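Where a number appears in this text, it was derived from the coordinates with a stated rule and is not lab data. What you are looking at is a predicted structure, and each value in this text was computed from that prediction instead of being measured. Cβ placement follows ideal geometry from the backbone for every residue including glycine, while neighbour counts extend to all protein chains displayed.
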Amino acid sequence: LSYRLVHTLSDAQVDDLMSLYTQEWWTDQRTREGVVDMLRHTSLILGLIDSNDRLVAFCRLVTDFVYRGTLYDVIVRDDLRGCGLGKQLLDALLDLPRVSAIEIIDLTCRPDKELLYAKWDWVTQRDGLLTMRRRRPGGA
Ligand SMILES: CC(C)(COP(=O)(O)OP(=O)(O)OC[C@H]1O[C@@H](n2cnc3c(N)ncnc32)[C@H](O)[C@@H]1OP(=O)(O)O)[C@@H](O)C(=O)NCCC(=O)NCCS
């Protein structure tokens, strides 16, 4: 099976993304309205599309394309995991010259993903720096 890379999503593919988001604990509260707004403002979107034009894998990068970037929402459709789509997606992302040019790309993940990302040279920071996070006041 071969999959195509896309950098924008059709309305139907936004529906597919909403399905991917309902699978995951950090994205399952997102609304379609919020997701459409988020997609419009995200620096770079990467999707894998199957032969029926359905979105089967997704990730996105928020970046200045020079010094810093953060990778978010790396998700493969649950019935297609473990057969190389995640690898295809991350390979394609990091092969893009404007991505490989970025000095630092951060990500946050659970410990069970540490070895996966290590394959693409992400290194767990043990320098004593803290990750700090501000939540929208009054938000969930
Ligand atoms: C994480 C995820 C994107 C990986 O996609 P995938 O298509 O299942 O991964 P692949 O089949 O392409 O595997 C890629 C490589 O990582 C390895 N791998 C996969 N999961 C791994 C894990 N949890 N720990 C270590 N290695 C892992 C595979 O063995 C493979 O290595 P290889 O190329 O040397 O054989 C997918 O499992 C997923 O969507 N998970 C749920 C969402 C999630 O937690 N995303 C990460 C958010 S930080």
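Dipole of the chain computed with +1 at Lys/Arg Cβ and -1 at Asp/Glu Cβ about the Cα centre; of Met132, Gly34, Gly84, farthest Cα towards the positive end is Met132. Ordered from longest to shortest, the equivalent ellipsoid semi-axes for the stretch 76-117 are 21, 15, 7 Å, each the square root of 5 times a Cα gyration tensor eigenvalue. Among Ser2, Ser19, the order by Cβ neighbours within 10 angstrom, fewest to most, reads Ser2, Ser19. Taking other C-beta atoms within 10 Å as the exposure proxy, Asp106, Asp127 rank Asp127, Asp106 from fewest upward.
Each of Ile75, Ile102 was scored by other Cβ atoms within 10 Å of its Cβ. Listed from fewest to most, they are Ile102, Ile75. Computed about its Cα centre, the charge dipole of the chain is approximately 380 debye, with only Lys, Arg, Asp and Glu carrying charge at their Cβ. Secondary-structure-derived ellipticity at 222 nm for the chain, considering helices only, amounts to -8500 deg cm²/dmol, per-run term -39500 (n - 2.57) for DSSP H runs with n ≥ 4.
By the Kirkwood approach, averaging reciprocal distances over each pair of separate Cα atoms, the chain gets a hydrodynamic radius of 16.2 Å.
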